[in-house]
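Below is one structure, written out as structure tokens, with a few remarks after it.
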Amino acid sequence: MIKQKAILFDATLCVGCGECYNACKEQNKLPATNDDFLKDHLGANTYTVIEEYGDYYTRKLCMHCVEPTCVSVCPVGAFTKTELGPVLYNPDICLGCRYCMQSCPHKIPRYEWTKNNPRVRKCVMCYDKISKGESTACADACPAEATIFGDRDELIKIAKQRIAESPDSYYPEIYGLNEAGGTSVLILSPVPFDQLGFAANLPKEPLGNYTMRALDKIPSVVGVGGVFLTGMYWLTKRKNEIAKEENDTIKSDGKKI
Amino acid sequence: MKNFVLPKITFWRAVGTIIVITGLYSTYLRFTGGLAATTNLNDQFPWGLWIGFDILCGVGLAAGGFTICAVTHIFNIKQFKPLARPAILTAFLGYLLVIFGLMYDLGKPYNIWHAIIDWNPRSVMFEVAWCVMLYTTVLFLEFAPVVLEKLKWKKLLSIIKMVSIPLMILGIILSTLHQSSLGSLFLILPNKMSALWYSGMLPVYFYLSAIAAGFAMVIFEAFMSARAFKRDVEMNLLSKIGLYSALFLILNFVIKIVDLSLSGNINLLFQTSQQTLLYYLEILIGTLIPSGILLVKDLRVQKKWLYISATLIVAGFLFNRMNVTITAISSELKLDYFPSFYEVSITLMLVVFGMLAFRLITKYFHIFNEEKVTLNA
Ligand code: SF4
Ligand code: SF4
Ligand code: SF4
């Protein structure tokens with residue numbers, strides 16, 4: 001079995017230099033969208049951004065969920081979770097219903113709103129690069145080791161170690177361990193994660209479970225519904241017939257007398 | 001009398017023409033400039049008026065088709081039979097308009113056929129897509145006899161009539177799945193919706209409210225048929241339908257309140273915020289006032305009150321669907337979304353097309369007078 005790859009981003013180490021932002025643009029051949037990378041937002045041509053929250057910087061990018069909501073909601077299966085870890089999108093079968101955007105708990109996917117052949121866009125975890133055994137362009141570019149790339153379980157170990165070694169610098173949790181089933185982008189932060197704009201209070205279970213509970217009932221709705229309706233049909237029909245027969249007898253009786 | 005009616009019709013014709021012309025212009029913009037040129041949607045608010053109104057309301061208001069089928073053919077309450085054809089026609093047109101509306105909302109409408117070959121059964125949207133396809137087919141077959149009668153194609157007609165009961169049963173099951181699945185779509189947004197509307201019971205709410213609204217639509221259609229044939233409305237039948245509708249509304253309301261209390265969110269009702277206000281409006285307009293009227297026997301047998309309550313139920317239904325798609329999400333995520341002029345104009349155009357088609361079809365086919373039961377004795 002292939003080990004799942006992941007990215008660890010450590011906000012205590014990030015210096016806000018913008019190297020990951022530039023490397024990502026270059027790697028994915030994305031056009032420039034803003035002169036000042038700190039003022040840019042995620043967009044159809046921007047897969048990652050650096051955001052400033054007071055004294056801290058943080059990155060935003062697709063979290064590459066372990067059991068991604070986008071994969072579960074897409075009616076045609078345009079999103080897939082690869083064995084390696086990245087969550088990828090296939091524009092050729094996408095309908096453009098935008099359910100993936102509506103439901104992503106991390107509010108990541110972006111749309112090419114101005115195009116007539118619009119695609120959903122987001123970070124691809126440099127899939128081509130990492131399937132050759134390399135690491136992601138953003139991790140390569142980071143001068144401060146704030147973004148590192150590796151096996152998911154290795155990175156979890158490193159993250160735990162960092163928290164244990166300097167408990168004063170860290171908020172004592174790893175974001176992405178189980179948020180909505182866990183993610184392949186892990187975050188370490190000096191402050192609670194919502195203060196860096198990460199979705200707080202996500203359930204531990206994958207969001208797909210919420211809809212599965214409804215979808216699981218379909219067979220019984222069909223089964224019970226079918227039997228009930230057919231039964232009802234025969235019953236009421238029979239009842240009407242009996243009522244009619246009785247009516248007829250009364251009528252004919254009446255005639256006889 | 002005639003002099004009074006005529007100018008009214010011309011007025012509505014003029015309005016309709018203006019709506020269609022603006023709608024066509026918006027259509028041109030939509031398919032040349034993309035969604036950005038025509039909608040106020042954005043990355044944080046990807047679903048707006050077209051999903052909320054064209055899809056959710058379109059499907060919901062088509063519910064009269066399956067509820068009346070259930071009443072007349074499954075529960076065999078034959079006296080309602082004259083109401084079945086107009087209800088099936090409305091449902092059929094409703095679904096066609098939903099599909100038409102989807103062409104505007106989908107980013108890649110030309111890829112829609114992929115839904116047939118690329119399956120993801122874990123997706124509610126997949127269920128929705130298949131329900132639309134299958135139920136539209138069923139409605140087509142349920143409606144076909146009307147056309148076949150006119151064309152006098154007896155053979156085909158008798159074949160379809162033979163399978164009519166299984167077809168109805170299939171239609172009712174598909175509708176049940178479809179109406180509720182539109183609510184299930186939102187189950188995956190626990191962290192993005194206000195708890196006033198988010199609940200694990202959303203599919204049940206959507207189902208029950210669709211039944212209530214479906215009955216209200218049947219009342220509307222009966223009034224229209226009465227006007228078309230200049231006869232009186234059969235108030236006996238209709239007031240009963242009104243009562244059914246009220247019962248479903250109340251059931252839905254009780255479940256909602258119990259669910260709000262059990263989930264510990266009842267305090268949301270006592271906040272002063274825009275969303276609470278909109279929630280109250282929805283409940284008052286769509287549930288409390290109309291069911292209050294309909295529960296009083298003296299009121300529900302009066303044409304005026306029955307008509308008013310049916311109007312309120314439909315309005316409240318639209319209100320609810322818009323609240324779920326727009327208010328619940330915008331208030332929770334602190335976003336502003338208001339449909340653009342183009343979004344509104346396209347939606348209005350679809351409504352006009354629907355009404356026009358209904359008028360034309362009822363004029364040329366036997367929709368209202370399948371049997372002469374509605375005739376006032
Ligand atoms: S963060 Fe959103 S887009 Fe990325 S994998 Fe998770 S659900 Fe999908
Ligand atoms: S927009 Fe495309 S990728 Fe997203 S859920 Fe719809 S069909 Fe799937
Ligand atoms: S992993 Fe690749 S695509 Fe994703 S943010 Fe980093 S450089 Fe960009």
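If A:LYS122 meets every condition in (1) closer than 24 Å to B:THR39 by Cα; (2) in contact with a helix residue (DSSP H, G or I) (Cβ under 6 Å, 6 or more places away or on another chain); (3) within 11 Å of ligand 2 (Cβ to nearest atom) apart from one, which number is that one?
In the conditions (1) closer than 24 Å to B:THR39 by Cα; (2) in contact with a helix residue (DSSP H, G or I) (Cβ under 6 Å, 6 or more places away or on another chain); (3) within 11 Å of ligand 2 (Cβ to nearest atom), A:LYS122 misses (2) alone.
Of everything in segment A:14-42 that's in a helix (DSSP H, G or I) and away from ligand 3 (no atom under 13 Å from the Cβ), which residue is farthest from the other protein chains (Cβ to nearest Cβ)?
Checked segment A:14-42; the qualifying residue farthest from the other protein chains (Cβ to nearest Cβ) is A:LEU38.
When you go through A:PRO68, A:PRO91, A:PRO75 one by one, which is the residue that is open to solvent by 20 Å² or more (accessible area, probe 1.4 Å) and closer than 27 Å to A:TRP113 by Cα? Break it down stepwise before answering.
Working: A:PRO68 fails: open to solvent by 20 Å² or more (accessible area, probe 1.4 Å); A:PRO75 fails: open to solvent by 20 Å² or more (accessible area, probe 1.4 Å).
Of the residues listed, the single one that is open to solvent by 20 Å² or more (accessible area, probe 1.4 Å) and closer than 27 Å to A:TRP113 by Cα is A:PRO91.
Just to be sure before I move on: is A:GLU205 within 14 Å of another protein chain (Cβ to nearest Cβ), open to solvent by 40 Å² or more (accessible area, probe 1.4 Å), in a loop (DSSP other than H, G, I, E, B) and not hydroxyl-bearing (Ser, Thr, Tyr) in the structure I sent?
So A:GLU205 fits the description; yes.
Going by what's in this entry, would A:GLU241 be described as part of a loop (DSSP other than H, G, I, E, B) and either without any contact (Cβ under 8 Å) to a residue 40 or more places away in the chain or open to solvent by less than 40 Å² (accessible area, probe 1.4 Å) (or both)?
Answer is no for this residue.
Need pairs with beta-carbon distance below 7 Å; first residue closer than 13 Å to B:GLY64 by Cα and assigned to a helix (DSSP H, G or I) and within segment B:236-247, second β-branched (Val, Ile, Thr) and modelled with pLDDT of 95 or more; sequence gap 6+ or separate chains.
As it stands, the answer is B:SER245/B:ILE313, since those pairs meet every condition given.
From the list A:ILE50, A:ILE7, pick out the single residue that is modelled with pLDDT of 95 or more, farther than 14 Å from A:CYS126 by Cβ and in a strand (DSSP E or B). Spell out the reasoning first.
Details: A:ILE7 fails: farther than 14 Å from A:CYS126 by Cβ.
Every option except A:ILE50 fails the conditions.
Going through segment A:94-115 one residue at a time, which ones are open to solvent by 20 Å² or more (accessible area, probe 1.4 Å) and near ligand 1 (Cβ under 9 Å from one of its atoms)?
A:HIS106, A:LYS107, listed by residue number.
Please pick out the residue among B:ILE346, B:ILE361, B:ILE293 that is among the hydrophobic types (A, V, I, L, M, F, W, C) and surrounded by fewer than 18 Cβ atoms within 10 Å (Cβ to Cβ).
Result: B:ILE361 is the single residue among B:ILE346, B:ILE361, B:ILE293 that is among the hydrophobic types (A, V, I, L, M, F, W, C) and surrounded by fewer than 18 Cβ atoms within 10 Å (Cβ to Cβ).
Can you find, within segment A:66-93, the residue that is farthest from ligand 2 (Cβ to nearest atom) among those that are at negative phi and touching a Lys or Arg at 6+ places or on another chain (Cβ under 6 Å)?
A:LEU84
For segment A:43-93, what are the residues that are within 10 Å of ligand 1 (Cβ to nearest atom), away from chain B (no Cβ under 14 Å) and in contact with a Cys (Cβ under 6 Å, 6 or more places away or on another chain)?
If the condition is that a residue be within 10 Å of ligand 1 (Cβ to nearest atom), away from chain B (no Cβ under 14 Å) and in contact with a Cys (Cβ under 6 Å, 6 or more places away or on another chain), then A:LEU61 is the only one that fits.
Cβ-Cβ distance below 6 Å, separation of 6 or more or different chains: which pairs start in segment A:113-140 with a residue that is within 14 Å of chain B (Cβ to nearest Cβ) and end on one that is more than 16 Å from ligand 1 (Cβ to nearest atom) and open to solvent by 30 Å² or more (accessible area, probe 1.4 Å)?
A:TRP113/B:ALA36; A:THR114/B:ALA36
Do any helices (runs of 4 or more DSSP H) entirely within segment A:82-185 hold 1 or more residues that are within 12 Å of ligand 3 (Cβ to nearest atom), and if so, which? Walk me through it before giving the result.
Working: elements: A:99-103, A:127-131, A:137-141, A:152-165.
Helices (runs of 4 or more DSSP H) meeting the threshold: A:127-131, A:137-141.
State the number of residues belonging to segment A:61-81 that are out of contact with any Phe, Trp or Tyr (no Cβ under 7 Å at 6 or more places or on another chain), part of a loop (DSSP other than H, G, I, E, B) and either under 20 Å from A:GLU179 (Cβ atoms) or among the charged types (D, E, K, R) (or both).
The number of residues fulfilling the criteria is 5.
Going through B:TYR198, B:TYR207 one at a time, which residue ends up being closer than 30 Å to A:GLY208 by Cβ and under 15 Å from the mean Cα position of the chain (by Cα)? Spell out how you get there, then give the answer.
Details: B:TYR198 fails: under 15 Å from the mean Cα position of the chain (by Cα).
That would be B:TYR207, the only listed residue that is closer than 30 Å to A:GLY208 by Cβ and under 15 Å from the mean Cα position of the chain (by Cα).
Select from segment A:22-43 the residues that are surrounded by fewer than 21 Cβ atoms within 10 Å (Cβ to Cβ) and touching a residue at least 60 places away in the same chain (Cβ under 8 Å) and list them in ascending order.
Scanning segment A:22-43 gives A:ASN22, A:ALA23, A:GLU26, A:GLN27, A:ASN28, A:GLY43.
Output the number of residues of segment A:136-173 satisfying the condition of being hydroxyl-bearing (Ser, Thr, Tyr) and open to solvent by 30 Å² or more (accessible area, probe 1.4 Å).
Counting residues in segment A:136-173 that are hydroxyl-bearing (Ser, Thr, Tyr) and open to solvent by 30 Å² or more (accessible area, probe 1.4 Å) gives 3.
Looking at segment B:36-144, what helices (runs of 4 or more DSSP H) fall wholly within it and have at least 2 residues that are in contact (Cβ under 8 Å) with a residue 24 or more places away in the chain and at negative phi?
Ranges flagged: B:58-61, B:64-69, B:84-105.
Restricted to segment B:100-118, and to residues that are of a type in the set (A, V, I, L, M, F, W, C) and facing chain A (nearest Cβ under 7 Å), which residue is nearest to B:ALA36 (Cα to Cα)?
B:LEU106
The values are calculated or read from the model by the stated rules, or taken from the named source; none is laboratory data. Because the structure is a prediction, the values reported are computed rather than measured. Glycine gets a Cβ as well: all are built from the backbone with ideal geometry, and neighbour counts include every protein chain shown. Just the protein is used for accessible areas: all its heavy atoms, side chains included, with ligands, DNA and RNA removed. Shrake-Rupley method; radii C 1.70, N 1.55, O 1.52, S 1.80 Å.
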